[in-house]
Every structure is written in structure tokens, then in C-alpha cells.
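The values are calculated or read from the model by the stated rules, or taken from the named source; none is laboratory data. For clarity, every value in this text was computed on a predicted model and none was experimentally measured. Cβ: placed from backbone, ideal geometry, glycine included. Neighbour counts: every protein chain shown.
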Amino acid sequence: MPRLSIPYLYHMKATNIFFSKLIKLDGRLREFNFRKATSAQNSFHVDVTDDRGHRIMFYMQKDGEGEWNTQLSALPNWLQFASPYLSTAIKEEGPF
């Protein structure tokens, strides 16, 4: 009986790292959704809704000192000062 050749299957491990945090900013409790960017090593995609329900999306990157910072200056005022709180939220979830 002929022996069948079974091709080798290569397993690719694709891990999605995502989490949500409730953070109080500007007198309101807001839900921030974090997703580890697969294209960039030290980067997180973050989204949150504003008062009107519009979704605001931006990236946070890790600097040389290990802090997570936003790279956009066109964020709303209430969100521009949230960088330390968002950095703490990422650090609490694990070593990235």
C-alpha cells in the first residue's frame, strides 16, 4: 500500500492583546479600549468615545524611559492630559 505524504503544518501563534479600563477624566467616567499593535513593537492602539458618542482613536508608544505617550497633538483638551493615567493603565496590565 503506498504511503501518503502529509504536508507539515506550520503553526503561527497570533496573539491579540487587548483590554479595557474605566478612567475618570474631566468629571466623567470613560471606557478606554487598548489593543497591542502587531505591526509596531512598543505601540498600543487606543480608542475612547467623546461626549457626543464619536470614537476617538490614537496610538501610544513607549519612549526610552519606559513611559507610554501619545504622539498626536490634535487630541481634545480633556484627552491631552490623560497620558499619565493611560500609561499607568498599560503598566498595570503587564510587562509590554
For this session: Among the numbered conditions (1) surrounded by 14 or more Cβ atoms within 10 Å (Cβ to Cβ); (2) at pLDDT below 90; (3) basic (K, R), tell me where K21 comes up short.
Result: (2)
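Which one is surrounded by the most Cβ atoms within 10 Å (Cβ to Cβ) among residues in segment 50-83 that are of a type in the set (S, T, N, Q) and within 15 Å of the chain's Cα centre (by Cα)? Steps first, answer last, please.
If we filter segment 50-83 for residues that are of a type in the set (S, T, N, Q), which is where we start, we get 61, 69-71, 73, 77, 80, 83.
Keeping just the survivors that are within 15 Å of the chain's Cα centre (by Cα) gives 61, 69-71, 83.
Values: Q61: 15, N69: 14, T70: 17, Q71: 10, S83: 15.
This residue is T70.
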